[in-house]
Amino acid sequence: MKRLTTLLAAAAALTCLLAATALAGTTLTYANFPPAKTFPCIQMEHWKAEVEKRTGGELNIQTFPGGTLLGAKNMLRGVQTGQADIGCISLPYYPGVFPAMSVLNLPVAFTSTTVASLTMWDLFQKYQPAEFADVKVLTMFTSAPSNIMSKTPVKQLSDLSGLELRASGSILNILGALGAQGVGMPMSQTPEALQKGVVKGLVSSFDVLKDFNFAEICRYETITNLPVYPFAVIMNTARWDALPDAVKKTLDELGREQALWTGRYLDKHIDDSLAWSKEQYQVEVFTLTEAEHAEIKAKSSGLVDEWKAEAAKANLDAEAILSDMLALKAKYEADSGN
Ligand code: DTR
């Protein structure tokens, strides 16, 4: 009898322990490369809060902004090998690795982050390109269209001659074609490069004027409407496979929603950031003439053909991907409510 009681007590203790473990849930690490207040990290915190709420604490997310777990360039590898469970990558930082989804980085005149982010998500769902086969994609979004922020005024295209500007991806080629000197580096290295004078400005979306305080050093802004930068939030496949089905479903449902949330957040934040920069540092904003915009377009048109050639080498149907992207862009542009 005594033995039975001991056994029962042990079984009860084990049940309690198992229940407590289940209640405590799983914790996943989520790495991000730029500082906490920039938009890739703002969206990360929003996603974390939604996931923890919707799974009732079954899944907890521990976030690592500012390159504290993985940096911009080792993010992809770090997630593939499980150094972090989840990571946020900027696709143009990995030239040649994402031939299909880098179509979003082409000069096709996106004017809204919301439109570009939803277009990217839908395009990914349709093609499920092999370039993401060894990770689980949780969401995708883009930055806002890119503009020039510089220490010296760029009032007209000819002011670009020889000017060292930090950029990444397709924008580097466009800058070269316009006579500027593009210097490739991730956003996280840009503050130091600007401080040290290695570059005289940068090409990115205007959110960084406020979030990195670049308005202080780059008092001149030129509206160029250059391409958006596509991002993906990826997860280690083994960690994904180990999640309960209900949790997987919740995360899958969040994919498009998160793309939309991020697009809307950034579209609004761009306006706030520019207004703040004007008030705080009296930054000057220059616009180019129609003829200059036409010149940018003409000089960057070769990029589409280069992308097509690269996509074809990867056995992708480049024409179909490009025309689907343009059709999605037009659809979301027409549907203002998204
Ligand atoms: N323009 C891209 C992406 C980008 C825009 N804002 C931020 C903030 C933090 C990191 C990246 C970005 C770029 O320049 O990398």
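The values are calculated or read from the model by the stated rules, or taken from the named source; none is laboratory data. Treat the numbers as computed from the prediction; the structure is a model and nothing was measured. Using ideal geometry, Cβ is built from the backbone for each residue, glycine included, and neighbour counts are taken over all protein chains shown. Surface areas here come from the heavy atoms of the whole protein model, side chains and all, with no ligands, DNA or RNA. Shrake-Rupley method; radii C 1.70, N 1.55, O 1.52, S 1.80 Å.
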Q: Just subtract the alpha-carbon distance of ARG264 and GLN282 from 0.36 nm times their residue separation and send over the number in nm, one decimal.
A: 3.9 nm
**Q.** Proximal charge balance of LYS329 [Cβ under 13 Å; K/R count +1, D/E count -1]
**A.** -3
Q. What does the accessible area per residue of the chain come to in Å², with a 1.4 Å probe and no ligands, DNA or RNA counted?
A. 44 Å²
(Q) Which of rounded, prolate or oblate describes segment 197-338 when judged by the alpha-carbon gyration tensor and an a/c cut-off of 1.5? (A) oblate
Q | Leading residue at positive end of dipole, segment 35-136 (Cβ point charges), from ILE89, GLN43, THR111 | A | THR111
Q.
How are the alpha carbon pair distances in the chain distributed across 10 Å bins from zero to the largest one, expressed in percent?
A. 5, 24, 32, 22, 9, 4, 2, 2, 1, 0
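From the C-alpha gyration tensor of segment 164-234, pull out the three semi-axes of the equivalent ellipsoid (sqrt of 5λ each), sorted largest to smallest, in whole Å.
Numbers: eigenvalues 58, 51, 32 Å².
Listed largest to smallest, the semi-axes of segment 164-234 are 17, 16, 13 Å.
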Q) Under the rule of -39500 (n - 2.57) per DSSP H run of 4 or more residues, summed and divided by the residues of the chain, what mean residue ellipticity at 222 nm is obtained, to the nearest 500 deg cm²/dmol? A) -15500 deg cm²/dmol
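Can you order the peptides 268-274, 156-162, 215-221, 50-56 by their average number of other Cβ atoms within 10 Å per residue, highest first? Display every interim value, and only then the final one.
On the way: 268-274: 17.3, 156-162: 14.0, 215-221: 19.7, 50-56: 15.6.
Output ranking for 268-274, 156-162, 215-221, 50-56: 215-221, 268-274, 50-56, 156-162.
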Q | Cα Rg, Dmax (largest Cα-Cα span) when computed across segment 82-241, Å | A | 16.5, 54
Q: Return the ratio Rg/(2.2 N^0.38 Å) for segment 119-206, where Rg is computed over Cα atoms only.
A: 1.34
Q. Each label point is 7 Å from the Cα along the Cα-to-Cβ direction; what then is the distance between the points at ARG77 and SER158, in nm?
A. 4.6 nm
**Q.** Among 84-95, 307-318, the order from most to least packed when residues are scored by Cβ within 10 Å on average
**A.** 84-95, 307-318
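Looking at the chain, what % of its DSSP beta bridges pair antiparallel, to the nearest 5? Before the final figure, lay out the partial values.
Numbers: 20 of 38 bridges.
Just about 55 percent of them are antiparallel.
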(Q) At 1.4 Å probe size, with the rest of the protein present, what percent of the exposed accessible area of the chain is carbon and sulfur atoms? (A) 56 percent
Q | Distance (nanometres) between label positions extended 7 Å along Cα→Cβ at LYS53 and ALA298 | A | 5.2 nm
Q | Simple label model, 7 Å out from Cα along Cβ direction - GLU192 to THR27, nm | A | 3.0 nm
